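Inspection log for the structure reproduced underneath, given as structure tokens.
The values are calculated or read from the model by the stated rules, or taken from the named source; none is laboratory data. Remember, it's a predicted structure, so these values are computed and weren't measured experimentally. Virtual Cβ from ideal backbone geometry, glycine too; neighbours counted across all protein chains shown. Only protein heavy atoms, including side chains, enter the accessible area calculation; ligands, DNA and RNA are left aside. Shrake-Rupley method; radii C 1.70, N 1.55, O 1.52, S 1.80 Å.
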Amino acid sequence: MFNQALLLIYRLFLHRGGRKINWMEQYLDDDAGDALSPDDIRNEPNAYEIIFLDEHRPKLEQIYMELLNEMTGIPYGQCEDMFEALAFLQEISAIALWKYHQNVGQLVEEFVRDYDRLDVPSPLCQDRCPSI
């Protein structure tokens, strides 16, 4: 159920002009070739609800951590796909958090809030991160 909901959200992302993300397509094992139906578009809020259910939230956190771990030790220039996948996860998590008022969990919420705020470290980062 989680993968189907994430795939629907990814297809909606593409439908709205988002760029294909190789990492996500490999993860979802999909070529994103299926057309969307009006029902798919109408069911978008339900897909977000499914992804962020308490029982499914760890799966999204696992994807997030997998992306971070894959980048470890790899030159920056070779991480483009992973950065694009992280940007996609941030975007859908922000939509879930602010548009659909979903509980995205502490780890993902910190990621969403810190994504574009390099000038304001998260409270959890204050002990681990050097001063700016």
* So which residues in segment 1-15 are open to solvent by 10 Å² or more (accessible area, probe 1.4 Å) and either in contact with a Lys or Arg (Cβ under 9 Å, 6 or more places away or on another chain) or not polar (S, T, N, Q) (or both), if there are any at all? -> M1, N3, L7, L8, R11, F13, L14, H15
* Among all residue pairs at least 6 apart or on different chains, which show Cβ distances below 8 Å where the first residue, located in segment 63-82, is under 14 Å from F111 (Cα atoms) and the second is of a type in the set (V, I, T)? -> Y64/V108
* Asked: For segment 24-36, how many residues are open to solvent by less than 40 Å² (accessible area, probe 1.4 Å) and either of a type in the set (S, T, Y) or closer than 20 Å to V104 by Cβ (or both)?
  -> 2
* To do: Mind listing whichever residues of segment 45-60 are assigned to a helix (DSSP H, G or I) and buried (at least 17 other Cβ atoms within 10 Å of the Cβ)?
  => A47, Y48, I50, I51, R57, L60
* Structure fact -> Flagged in segment 68-99 as over 20 Å from P58 (Cβ atoms) and β-branched (V, I, T), in numbering order, are T72, I74
* All but one of (1) open to solvent by less than 80 Å² (accessible area, probe 1.4 Å); (2) under 14 Å from the mean Cα position of the chain (by Cα) hold for I74; which doesn't? -> (2)
* Structure fact -> Apart from one, (1) in a helix (DSSP H, G or I); (2) touching a residue at least 12 places away in the same chain (Cβ under 8 Å); (3) open to solvent by 40 Å² or more (accessible area, probe 1.4 Å); (4) closer than 20 Å to A87 by Cα all hold for I41; the odd one out is (4)
* Hey, A87 hits all of (1) among the hydrophobic types (A, V, I, L, M, F, W, C); (2) buried (at least 17 other Cβ atoms within 10 Å of the Cβ); (3) without any contact (Cβ under 8 Å) to a residue 60 or more places away in the chain but one; which does it fall short on? -> (2)
